[in-house]
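The values are calculated or read from the model by the stated rules, or taken from the named source; none is laboratory data. Bear in mind the structure is a predicted one, so any value in this text is a computation, not a measurement. All Cβ positions, even for glycine, are placed from backbone atoms using ideal geometry, and neighbour counts span all protein chains on display.
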Amino acid sequence: MSEAIHQGYIKSEVQDGLAEIEFFHPLSNSLPSRLLAELAAAITEAGANDAVKVILLKSAGERAFCAGASFDELIAIENMEQGKKFFSGFANVINALRKCPKFIVGRVHGKAVGGAVGLASAVDYCFATKHASVKLSELAVGIGPFVVGPAVERKMGLSGMSELAINATEWRDADWAHQRGLYYHIHESVAEMDTEIAALIGRLKGFNPDAMRQLKEVFWQGTENWDQLLADRAAISGELVLSNFTRNAINSFKKK
């Protein structure tokens, strides 16, 4: 397995009521299992911290926001147990975002692929730049966006999720994602986006935390079965990744 999966970091800093959670990986901010586990833990910890009023989820760097799950780990899966565990990584992060009692603001500065679209869908309020194109590429390698699908469908509707899932090799630009409700604001630059994020967070920190907690519960009503749903979806992907079709698709992708 590539040494690259051992690289990267999750960093969480709390200051003046804001928990800023940042992730990074040298391979376009892809997220191997280790980082996904650390990210889920950081979100849960921030949610339980009474000093935290609001959470900001972001990635480092200036190019891709996140390239999704680690391809190095994907091609190393040898059995269904490993497959389900691999695909449960994003499921655990999405569930951590869902269950967190604090509002989570997303900052998407660049392209979002696969699981990254799930992250953008599962935050409570998402900002983006004009460079934040989206793609659900899973079908192109023989799988499907089963784990992130519920979060994407909840935010963008079945039509938007289906278009991304079926047309798996095509990018949709930030305006397309904005029109379908994934992004709430599109900005020309990172600096402009960060100014608006800071303004919103400043206002949120002054609001009643109990009111925000209960409002978040209202927003997520109807998702109480997601622990089991996303686990079941992870099992589907874990089985598909072992098929000859998917193996061949992955090998073809590797040669590009």
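Taking the numbered list (1) in contact with an Asp or Glu (Cβ under 9 Å, 6 or more places away or on another chain); (2) of a type outside the set (Ser, Thr, Tyr); (3) modelled with pLDDT of 95 or more in turn, MET1 passes all entries but (3). The sole residue among ASN251, ASN244, ASN225 that is under 26 Å from MET80 (Cβ atoms), under 22 Å from the mean Cα position of the chain (by Cα) and surrounded by fewer than 14 Cβ atoms within 10 Å (Cβ to Cβ) is ASN225.
Selection of strands (runs of 3 or more DSSP E) fully inside region 30-146 by the criterion of at least 1 residues being of a type in the set (Phe, Trp, Tyr), surrounded by fewer than 24 Cβ atoms within 10 Å (Cβ to Cβ) and modelled with pLDDT of 95 or more returns 103-108, 125-129. Remark: GLY68 falls outside the filter, which requires a residue to be touching a Leu at 6+ places or on another chain (Cβ under 8 Å), farther than 18 Å from GLU22 by Cβ and not hydroxyl-bearing (Ser, Thr, Tyr).
ALA42 meets all of the listed conditions (1) free of Cβ contacts under 8 Å to residues at least 40 places away in the same chain; (2) small (Gly, Ala, Ser); (3) touching a Gly at 6+ places or on another chain (Cβ under 9 Å) but one, namely (3). When region 1-29 is filtered for residues that are without any contact (Cβ under 8 Å) to a residue 12 or more places away in the chain and outside any helix (DSSP H, G or I), the ones remaining, listed by number, are GLU13, GLN15. Within region 186-209, being assigned to a helix (DSSP H, G or I), among the aliphatic types (A, V, I, L, M) and more than 20 Å from GLY17 (Cβ to Cβ) holds for VAL190, ALA191, MET193. The one condition from (1) closer than 23 Å to ALA64 by Cβ; (2) of a type in the set (D, E, K, R); (3) assigned to a loop (DSSP other than H, G, I, E, B) that GLU224 does not meet is (1).
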